[in-house]
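Asker: Quick one: the structure is below, and I'll ask about it shortly.
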Amino acid sequence: MNKLILIIATVLISKASANAQTNEKEVKFGGRIMYDMAAWGAEEFNYTGSEFRRVRLYSSGEMYGAVKYKLQLDFSGGNISFKDVWIELNKLPLNGNIRVGHFKEPLRLEALTSSKYITFMERGLPIAMSPERNTGVMYHTNISEKLSLQSGVFRKSDDFGNDKTANNNISITSRATFLAINDENKLLHLGIAHSKRKNNNKTYSFSSRAENHLGNKLISVSKEQVNHVNIFSGEMSYVNGPISLQAEVLQTTINAIPEIERSFIINHEIMSYYGQVSYFITGEKRSYKSSLSGFGRLNPKNNYGENGWGALELAARFSAIETQKNGSLEDITIGLNWYLNPNTRIMFNYVKGEMMNELGQITLENAVMMRFQLDF
């Protein structure tokens, strides 16, 4: 199966490499390579590791002005899996679009922003609480230049976007955003979202590392006899020239299955959030793409090797997960990003993670991390 997918991907890329573009269709291709190295430990950096965090190839395009598609495969870890694989019909009433396939659920700004453009090597701790890609159908529209809506119905799928179970356990995820300010130097993005989720096993679980993908999982929660899960989220991002602020908060409520012999239902709530600030020493500013895609590519004022040294960005973030009975996890991350050119970036992160269990016992993990990133 993996060999077949590799052959298909090779054929798609070889065709797309011709950059086919006519009045009827436009096809392009690209990819990304992210190579990470890290050292981590409680008091000393006792562990070291490296990995290809992401190795992806994609083909995307538009057909006859009304149909779009994307096919993206990931090869990291020696396995092949689907990422974005969807078909979209445009030019519907109310400036609408319908997307069908395997893609990101519209729940959070940082999750919707491509890993090529996020500020830190890993997304904040709330990523453990929010779903990313699933198979489904989504309607999205820009009601005006400032207001956008997205809503979809999803099923939990495997690595190839398949769900062959026969049941009615679906998830409904919706999001609304408002672009309060959007001029040459300033931007203010606000958003809210909700997701109601059910699965086949009537269970809920998550685990999280301290924003170091090579590190240890420090917190985990597992619940049984779960009826459904509700997630509410709020998001904010503010850009003023080289300064950028961003924050998100998620409230996850795990609703238990009621029993006849008891008169109340035991629900569990989990709060997760982060706040971050970044500053471009060289004067650039973050580039906003859209509500559905989040932030985009940074273009340095002077590329490395072309009478310049690229762009430098300093960043800091605090993030946390707080549970009722399973303790909490807090992270402080400091980052330095060197953008050599629009397609090449070297990232340095220091992460300090602190997990406190339900008994008050503390587990620490510090990590220093580095990434070499290229996309094309």
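The values are calculated or read from the model by the stated rules, or taken from the named source; none is laboratory data. Not measured: the values here are computed from a predicted model. As a convention, Cβ positions derive from the backbone with ideal geometry for all residues, glycine included, and neighbour counts pool all protein chains shown. The protein model used for the area step is the full one, side chains on, heavy atoms only, and it has no ligands, DNA or RNA in it. Shrake-Rupley method; radii C 1.70, N 1.55, O 1.52, S 1.80 Å.
Asker: List the residue pairs whose Cβ atoms are under 6 Å apart, where the first residue sits in the stretch 281-303 and is over 19 Å from Lys186 (Cβ atoms) and surrounded by fewer than 16 Cβ atoms within 10 Å (Cβ to Cβ), the second is at pLDDT below 95 and of a type in the set (Gly, Ala, Ser), and the two are 6 or more positions apart or on different chains.
Answerer: Asn302/Gly308
For (1) farther than 23 Å from Tyr273 by Cβ; (2) small (Gly, Ala, Ser); (3) free of Cβ contacts under 8 Å to residues at least 40 places away in the same chain, each residue gets a yes or a no:
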site	(1), (2), (3)
Ser328	no, yes, no
Thr333	no, no, no
Asn337	no, no, no
Asn341	yes, no, no
Met356	no, no, yes
Thr363	no, no, no
Met370	yes, no, no
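Asker: From the list Asn307, Asn337, which residue is farther than 30 Å from Tyr204 by Cα and open to solvent by less than 30 Å² (accessible area, probe 1.4 Å)? Give the derivation first.
Answerer: Working: Asn307 fails: open to solvent by less than 30 Å² (accessible area, probe 1.4 Å).
Just a single option satisfies the conditions, and that option is Asn337.
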